[in-house]
Every structure is written in C-alpha cells, then in structure tokens.
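J.: I have a structure I would like to understand better, so I am pasting it below and will then ask my questions one at a time.
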Amino acid sequence: MNNVSLIGRLVKDPELRYLPNGGQAVARFTLAVDRNYSKQQRQEAEAAGRQTADFIFITAWGKSAEFCANYIEKGNRVAIQGRITTGSYEGKDGKRVYTTEVTANSIEPIDWKNTSGNSNSNYDQSNFGRESDFGSQNDFGTDSDFNEDIDDDDIPF
C-alpha cells in the first residue's frame with residue numbers, strides 16, 4: 001500500500017500553475033518535516049551541522065492545488081496524506097534524473113491564513129483539500145453512510 005502521512009511546515013509559498021491543455025491547477029511546495037529526535041539529539045545534530053528535518057516535495061492537483069495557493073503560506077504547519085510518486089527525466093547534461101515526491105490526496109492546515117492575512121480563519125473546514133486525481137472524497141460516500149449500529153458479533157476479528 002502506498003500511503004504517506006506527514007506533518008510539517010511550508011518552506012515557501014505554494015507555486016500554483018495551470019496545465020496548458022484543459023487548465024487543471026497544479027500546486028507545488030516543499031514541506032519541512034522534523035526528524036524524531038529527543039531534545040538532546042536535536043541539539044547535538046545542530047551543533048554538528050547536521051539536518052534535523054527532511055525537506056519533502058509535495059504536489060497537489062485541482063481544487064486542492066487552488067486551496068493551497070489561497071489558504072496556506074510559508075511557515076504554516078499542515079498535515080498531508082498522499083502517496084509517494086517517482087519519475088525521471090533527462091537533464092540538460094543528458095543524464096537521467098530521478099525524482100521522488102508526495103502527491104497529496106488530503107491537505108489539512110494546522111495553522112492557515114484568511115484573506116486578511118490573519119492565522120486560523122473561520123474557513124469552512126469541510127472544503128479542506130481532500131481531492132485527488134481519482135475524484136473527490138464524496139465519490140466514496142460520506143461519514144454518515146457508515147453510522148449504522150454494529151453488533152460485536154458482526155466484527156470478524
């Protein structure tokens with residue numbers, strides 16, 4: 001199963017672009033995710049000049065991409081769920097360059113901006129970036145579809 005969950009801070013504002021044929025929105029940004037160090041380990045790593053975070057490239061598509069461009073910015077913490085995507089291309093020097101990034105299926109701000117630039121706006125949280133290139137979350141039903149009573153005898157384990 002290819003599933004990734006990350007919490008980190010944006011290194012810079014998302015870059016929003018639209019594809020030429022059809023105009024689908026694409027947002028790209030880098031997420032700094034702290035490594036799981038104790039306070040002492042972090043201090044030792046910083047003193048030795050070693051990284052204490054991983055910098056992960058994130059790509060969002062469609063409405064999620066537009067959401068990113070409008071509501072998250074450099075320094076904001078976000079939770080991302082998605083999948084690892086790999087690819088390659090030929091560099092300017094003719095050598096094969098391999099890429100690894102996370103394609104976001106769900107983007108949930110932990111802190112975010114509103115149109116006046118203040119953090120933690122009252123944005124309608126039901127519209128947070130939950131769209132993948134497989135369609136929106138609503139294609140699979142809603143939480144209310146699963147609110148039926150279940151007897152313990154019905155559970156298979």
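J.: What residues have an amide H closer than 5 Å to that of D111, excluding those fewer than 5 places away on the same chain, when H is modeled at 1.01 Å from N in the peptide plane?
T.: Those qualifying (amide H under 5 Å, at least 5 residues apart or on another chain) are R77.
J.: Starting from the Cα of I7, step 7 Å along the direction of its Cβ; do the same at E44; then give the gap between the two resulting points in nm.
T.: Result: 2.5 nm between the two label points.
J.: Trypsin sites (Lys or Arg not before Pro), restricted to the range 39-104: which are DSSP loop and have at most 12 other Cβ atoms within 10 Å?
T.: Those satisfying the criteria are R50, K74, K92, K95.
J.: Roll a 1.4 Å probe over the protein heavy atoms and report the accessible area of E90 in Å², nearest 10.
T.: 120
J.: Follow-up. Can you give me the long-range amide H partners of A53? Hydrogens built in the peptide plane at 1.01 Å from N, cutoff under 5 Å, separation of 5 or more residues or another chain.
T.: R35
J.: With viscosity set to 0.890 mPa s and temperature to 25 °C, compute the Stokes-Einstein D of the range 3-97, Rh being the Kirkwood radius across alpha carbon pairs; µm²/s, no decimals.
T.: 160
J.: Then there is this: Using amide H atoms built 1.01 Å from N in the peptide plane, name the residues 5+ places from Q24, or on other chains, whose amide H lies under 5 Å from its own.
T.: HN-HN under 5 Å from Q24: L19.
The values are calculated or read from the model by the stated rules, or taken from the named source; none is laboratory data. Here the structure is a predicted model, which is why all the values come from computation and not from measurement. Here the Cβ is made from the backbone with ideal geometry for all residues, glycine too, and neighbour counts use every protein chain on show. The protein model used for the area step is the full one, side chains on, heavy atoms only, and it has no ligands, DNA or RNA in it. Shrake-Rupley method; radii C 1.70, N 1.55, O 1.52, S 1.80 Å.
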